[in-house]
Amino acid sequence: NAGVTQTPKFQVLKTGQSMTLQCAQDMNHEYMSWYRQDPGMGLRLIHYSVGAGITDQGEVPNGYNVSRSTTEDFPLRLLSAAPSQTSVYFCASSYSGQPPERPLHFGNGTRLTVT
Amino acid sequence: AQSVTQLGSHVSVSEGALVLLRCNYSSSVPPYLFWYVQYPNQGLQLLLKYTSAATLVKGINGFEAEFKKSETSFHLTKPSAHMSDAAEYFCAVSDIDNNGNEKLTFGTGTRLTIIP
């Protein structure tokens with residue numbers, strides 16, 4: 001059981017470049033989300049999805065796009081990378097339809113540096 | 001909106017000593033509260049959760065947390081620290097966003113160092 005798989009683990013981009021961070025889960029979770037982790041700021045929600053074909057913005061969505069064409073995959077796209085997007089990105093998933101106490105299952109993160 | 005505040009971004013304890021990591025919440029309704037742990041170069045994993053069933057919650061690896069409504073606190077404790085407890089710990093509260101969907105709001109984290 002792989003859980004939540006994120007690729008790549010590390011990435012360096014130049015300002016203005018685009019890329020897609022991949023996230024896949026094999027637990028049949030309906031809910032998937034992207035967080036960024038910055039020192040002293042904890043984790044902040046970028047985008048999330050409550051099921052295939054449905055996405056919503058989180059706390060810090062600017063500069064990022066997402067789509068959810070399948071239950072398993074939830075890619076995060078940076079259309080024009082900026083140094084402010086240097087961060088560690090985490091994908092997380094959970095069952096939907098449960099009370100709020102459902103736990104999130106996290107991937108191991110993608111460390112992105114934008115120069 | 002719900003929020004959590006973690007007091008102390010860094011905590012150091014000696015091996016075998018008590019671990020106490022502090023978390024206070026602000027919530028207008030009974031909250032669902034969580035502690036997550038992040039080991040180096042890994043994602044977060046759930047330590048324990050409070051869902052109003054019992055005020056003292058036991059989690060994995062000997063950790064526990066007590067919900068105190070009068071103090072709006074949910075502090076994490078472990079009686080005897082082990083070297084393997086060195087990690088970053090995040091308190092989180094379940095919240096509802098502007099779209100009416102649930103989300104988790106995380107604190108800024110506390111890095112725990114264990115002194116041999």
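All of the numbers you see were taken from the coordinates with simple rules; none came from a lab. Predicted model only: the values in this text are computed from it and were never measured. We place every Cβ from the backbone using ideal geometry, glycine too, and count neighbours over all the protein chains shown.
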For the modelled label position 7 Å from the Cα of B:ALA53 along Cα-to-Cβ, which residues of the stretch B:17-32 have backbone nitrogen atoms closer than 17 Å? B:31-32
How charged is the neighbourhood of A:THR71? Take every other residue with its Cβ under 13 Å from the Cβ of A:THR71, and add Lys/Arg as +1 and Asp/Glu as -1. -3
Taking all pairs of distinct alpha-carbon atoms in the stretch A:51-115, Kirkwood radius in angstrom: 13.6 Å
From a point 7 Å beyond the Cα of B:ILE96 in the direction of its Cβ, which residues of the stretch B:49-75 have a backbone N at a distance under 13 Å? none
Between the stretch B:1-18 and the stretch B:81-95, how many Å separate their Cα centres? 8 Å
Computed over the stretch B:58-115, the ratio Rg/Rh where both radii use C-alpha atoms and Rh is Kirkwood: 1.05
Quick one: give the max-minus-min coordinate of the C-alpha atoms of the stretch B:1-83 along each principal axis, largest first, in Å. 37, 26, 22
Expected integer from the mean partner chain Cβ neighbour count at 10 Å over A:33-46 is 4
Counting only DSSP beta bridges with both residues in chain B, what percent are antiparallel, rounded to the nearest 5? 90 percent
Take every Cα pair under 8 Å in chain A that's 6+ residues apart, average their separations, divide by the length, and report that relative contact order as a whole percent. 35 percent
State, as an integer percentage, the relative contact order of chain B based on alpha-carbon contacts under 8 Å between residues 6 or more apart. 37 percent
Rel. contact order, % - alpha carbon contacts under 8 angstrom, at least six apart, the stretch A:41-94: 24 percent
What is the packing order of peptides B:7-17, A:57-67, taking the mean over residues of other C-beta atoms within 10 Å and listing the highest first? A:57-67, B:7-17
Could you give the Stokes-Einstein D for chain A in µm² per second, using the C-alpha Kirkwood radius, 4 °C, 1.567 mPa s? 92 µm²/s
Within chain A, percent of DSSP bridges classed antiparallel, to nearest 5: 90 percent
Just need the Rg to Rh number for the protein assembly as shown, please, alpha carbons only, Kirkwood Rh. 0.97
Which whole number gives the average, over all residues in B:40-51, of C-beta atoms from other chains lying within 10 Å of the residue C-beta? 5
